[in-house]
Amino acid sequence: MKKYEEIYRKLREQYTDEEIADSMLIPEGLTDEEKEQADEELRAFRFKLLNEQTEEQRIYSDLLRLRYQFENYLKGGEYITEMSFGRQLEEYARILKRTKKQLSEDLDIHYTRLSRIINNREEPNLELTYRLEEHSGQLIPALLWWKMIIKKQEYILKKDEKTRIREAARVRNAVQFRA
């Protein structure tokens, strides 16, 4: 804190408080035309950076984006079908520009099994999450892949009353507590 006070004292010798504040803050008074021009310049700069990216940089940034998507989704409450493990695995293949066949070979998993997982007809196992972690260069940890699977299981567990009732009917000698 003393360091900042010392810097402020030195600046105060040369400038007024208004001048110091103006130099530290972004001026707000842009007209609509100036704002539009600034937005266009920023957009052009971002496209220039995107066009200059190597394929490796593109893959790295897209995999980071996917990882952050996982993390944000897992923090949220409800299961979303669009965020299912299968759809995210398909997005992973798209990012890497791999076909399902190529990805199945990379992960040493039968093509039809991978296809069934992507189409949400079969549940992935723990071993697949380890392979995906390794395949992504540890950028997307096995734990995140596994939590994506668990999110769906949690949703099913909460919503499947029919199976809950059917299975409860099969139970004998259940423990009962009295309050």
Using the Cα atoms of the chain, I'd like the radius of gyration and the largest Cα-Cα distance, Dmax, both in angstrom. 26.7, 86
Could you work out the longest stretch of the chain that avoids the trypsin sites (Lys or Arg not before Pro) located in DSSP loops with at most 13 other Cβ atoms within 10 Å? 1-96
What whole-number distance in Å separates the alpha-carbon centres of the range 135-177 and the range 82-128? 21 Å
At a Förster distance of 45 Å, what's the computed FRET efficiency of Gln176 paired with Glu123, Cβ-Cβ distance as r, to 0.05? 0.85
State, as an integer percentage, the relative contact order of the chain based on alpha-carbon contacts under 8 Å between residues 6 or more apart. 19 percent
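Restricting attention to the range 92-131, which GluC sites (Glu not before Pro) occupy a DSSP loop and are surrounded by at most 16 other Cβ atoms within 10 Å?
Answer in residue order: Glu122.
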For the range 58-158, what does the relative contact order come out to in percent, with C-alpha contacts under 8 Å and a separation of six or more? 34 percent
Mean ellipticity per residue at 222 nm, deg cm²/dmol - from DSSP H runs of n ≥ 4 across the chain, formula -39500 (n - 2.57): -22500 deg cm²/dmol
With N set to the residue count of the range 58-158, report its C-alpha Rg divided by 2.2 N^0.38 Å to two decimal places. 1.00
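Which links in Lys75/Lys100; Lys75/Lys152; Lys75/Lys151; Lys75/Lys158 stretch past 21 Å when you go from one Cα to the other?
Numbers: Lys75/Lys100 29 Å; Lys75/Lys152 14 Å; Lys75/Lys151 10 Å; Lys75/Lys158 17 Å.
The pairs that break the limit, which is 21 Å between Cα atoms, are Lys75/Lys100.
Quote the FRET efficiency, to the nearest 0.05, computed for Lys3 versus Glu55 with a Förster distance R0 of 41 Å and r equal to the Cβ-Cβ distance. Before the final figure, lay out the partial values.
Numbers: r = 45 Å, r/R0 = 1.09.
The computed FRET efficiency comes out at 0.40.
Every number here is computed from the coordinates shown, using simple stated rules; none is lab data. Treat the numbers as computed from the prediction; the structure is a model and nothing was measured. Virtual Cβ from ideal backbone geometry, glycine too; neighbours counted across all protein chains shown.
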